[in-house]
Amino acid sequence: MEIQEGAFEPLEELEVLNLALNSLLCISGFSLMQLRVLNLSHNALELFSSKEGAEPYLLRVLDLSHNRHLSFPELPRAHDLTHLNLSNSLIASLLPGSPHPREFILLYEEMQRFNRTVHPMAALTHVADLDLSNNCLELFPFSFFHSLGSLYSLSLARNCLQDVAKDCLQWHKAVHALAGPPQQHPSCAATLVL
């Protein structure tokens, strides 16, 4: 399915857009700054990028679940974003736009150095609910979540995480849920035990 560029721009009052259950492969130059809710779940998205402008997006809820992102998508500058669903999306790297996610799968000894170099994106500062479950994450860069002062619920269930210690997760008192009991992703050999 293809949507013509600018198809929704005349709809200046549009606040909720549901494009779920289509066959969209790419969203580039996303510019619907007035949207509050965007559902792009159950597509075939490999790329999601937005236009950078002076005005921030008003987006509060973004559902990109059940797609084919290999890395964390480049999100719009949406300071009001509170709910982000990236579950079931094949994500293997939390670095936005990483062309080769496997290059970030590091040994445990290197994890500390990696954790100091990754910073969360400005779009995530008010996110309260972040779902990264059912992906292919092997490495959990804690600094990615360091500035997420509003984070209340974090789901990392059914990933390929290895060597993550419970003590490392206690740094962030706002994280109240690591949804679900220890589980193993079907394609992984390791289980996260908290």
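The values are calculated or read from the model by the stated rules, or taken from the named source; none is laboratory data. Here the structure is a predicted model, which means the values were calculated and not measured. Note that each Cβ is placed from the backbone with ideal geometry, even for glycine, and that neighbours are counted across all protein chains shown.
A few points about this structure:
- For region 25-72, the set of residues classified as among the hydroxyl-bearing types (S, T, Y) and within 23 Å of N134 (Cα to Cα) consists of S41, S49, S65, S71, listed by residue number.
- Here region 59-98 is the region considered, the condition is being touching a Leu at 6+ places or on another chain (Cβ under 7 Å), in a loop (DSSP other than H, G, I, E, B) and of a type in the set (G, A, S), and the residue that is modelled with the lowest pLDDT is A78.
- Of residues in region 1-51 being touching a strand residue (DSSP E or B) at 6+ places or on another chain (Cβ under 6 Å) and part of a loop (DSSP other than H, G, I, E, B), the one modelled with the lowest pLDDT: K51
- For region 109-118, the criterion of being buried (at least 16 other Cβ atoms within 10 Å of the Cβ) and at pLDDT 60 or above is met by no residue.
- Check on L75, within 15 Å of L132 (Cβ to Cβ), in contact (Cβ under 8 Å) with a residue 24 or more places away in the chain and either crowded, with 22+ Cβ neighbours inside 10 Å or polar (S, T, N, Q) (or both): yes
- Considering region 32-66, and only residues there that are over 18 Å from H79 (Cα atoms) and among the hydrophobic types (A, V, I, L, M, F, W, C), the residue that is farthest from the chain's Cα centre (by Cα) turns out to be A44.
- Residue count, region 119-166 (criterion: closer than 13 Å to L84 by Cβ, among the hydrophobic types (A, V, I, L, M, F, W, C) and modelled with pLDDT of 85 or more): 6
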